[in-house]
Amino acid sequence: MKITLSQESEAQIILASEKRNVFLEGNILKLLETENESFQEYLNKALELDTEVRKKRLDITKKFQDQNKSLQEKATENEQLMVEIREALEKAEHAKKTALNDLDVMQQKSQFELIGSIVQIALRVIVGVGIIVTGMYLFAMYSQSTETTLIGNTWSNLFGILLTNSFSIIGTIMGVKYATNDSGSKEKKDEQ
């Protein structure tokens, strides 16, 4: 089916193209038919311009499609990188927790060894002083010294002081150990 326009319509279309550089576009150009040579020239020119515009649009569309494809590929790469980063972060967190646990175990071990050394030294001092004072008391009794009462009282007081100090040392050590374990437990709870 062909469409024929009136001469007045053809003239107005030609005038619009000359004054405003506006041309008909699209498939309508294939349907228009005329016997007017100037309108036929207009149609030919409009067809050429339409073909050029379509080519430009097609080029732009292809360009945007290529850019879109490139952006999608970059988005996929970024997503893969994010997954790798998350995995690396999880591994680092796990390594950190393991290192902190190892450090905690080492600290507790060294504290336990230190406490053991302090207890051994304190016991040696207490036993040594007790043996020396007991030896002096026995020597004074054996030699029938008149100072046995004084040495006996001193011996009794010294053993009381030694026992009190030994319990004090052990109590302090246990308190420090308990406080260290309690604060370590709180830190672990806070981390979790």
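Readers should treat all values here as calculations from the given coordinates under stated rules, not as data from a laboratory. Because the structure is a prediction, the values reported are computed rather than measured. Positions of Cβ are backbone-derived with ideal geometry, glycine not excepted, and every protein chain shown enters the neighbour counts.
Short version: ³J(HN,Hα) in whole Hz for each residue of the range 29-39, in order, from phi by Karplus 6.51 cos²θ - 1.76 cosθ + 1.60 (θ = phi - 60°), x for Gly and Pro, what are they?
5, 6, 8, 6, 9, 8, 10, 6, 5, 5, 6
Any idea what angle helix 148-191 forms with the longest principal axis of the chain, computed on alpha-carbon atoms, 0 to 90 degrees, nearest 10?
The angle comes out at about 10 degrees.
Residue by residue through the range 130-139, which ³J(HN,Hα) values in whole Hz follow from phi under the Karplus form 6.51 cos²θ - 1.76 cosθ + 1.60 (θ = phi - 60°), with glycine and proline marked x?
So the Karplus estimates, Gly and Pro as x, are x, 5, 5, 5, 5, x, 4, 5, 5, 4 Hz.
Among Leu5, Asn165, Ile60, which residue has its Cα positioned farthest towards the positive end of the charge dipole of the chain, with +1 placed on the Cβ of Lys and Arg, -1 on the Cβ of Asp and Glu, and the dipole taken about the Cα centre?
Going by the charge dipole, the pick is Asn165.
Using helices alone, I'd like the mean residue ellipticity at 222 nm for the chain: each DSSP H run of four-plus residues gives -39500 (n - 2.57), total over residue count, nearest 500.
Counting only the DSSP helices, I get -32500 deg cm²/dmol.
Short version: ³J(HN,Hα) in whole Hz for each residue of the range 13-23, in order, from phi by Karplus 6.51 cos²θ - 1.76 cosθ + 1.60 (θ = phi - 60°), x for Gly and Pro, what are they?
5, 5, 4, 5, 6, 6, 7, 10, 6, 10, 10
Given Cβ point charges of +1 (Lys, Arg) and -1 (Asp, Glu) and nothing else, what value in debye, to the nearest 20, does the dipole of the range 3-191 about its Cα centre take?
1300
Set the Förster distance to 41 Å, then compute FRET efficiency between Met106 and Val127 from the Cβ-Cβ distance, nearest 0.05.
After rounding to 0.05, the efficiency reads 0.85.
Calculate, in nm to one decimal, what Met82 and Met141 gain on full extension: separation in residues at 0.36 nm each, minus their alpha carbon distance.
12.6 nm
Using the number of other C-beta atoms within 10 angstrom as an exposure proxy, rank Thr51, Thr146, Thr154 with the fewest first.
On the way: Thr51 11, Thr146 7, Thr154 14.
Starting with the residue having the fewest Cβ neighbours, the order is Thr146, Thr51, Thr154.
Can you give me the C-alpha center-to-center distance between the range 100-115 and the range 28-69, rounded to a whole angstrom?
For the range 100-115 versus the range 28-69, the Cα centre distance is 83 Å.
Volume per residue, Å³, of the convex hull around the alpha-carbon atoms of the chain? Please report the intermediate quantities before stating the final value.
Values: hull volume 36.1 nm³, N = 192.
Output value, Cα hull per residue: 188 Å³.
Could you give the length gained by full extension between Ala11 and Leu89, i.e. 0.36 nm per residue of separation minus their alpha carbon distance, to one decimal place? Mind showing how you got there, number by number?
Details: separation 78, 0.36 × 78 = 28.08 nm, distance 7.39 nm.
Full extension of this stretch gives 20.7 nm more.
Please list, in chain and number order, the residues 5+ apart from Leu32 or on another chain whose amide H is under 5 Å from its amide H, with Hs placed from the backbone.
Ile3
I'd like the FRET efficiency for Glu37 and Ile60, computed as 1/(1 + (r/R0)^6) with the beta carbon distance as r and R0 of 41 Å, rounded to 0.05.
E between Glu37 and Ile60, to the nearest 0.05, is 0.75.
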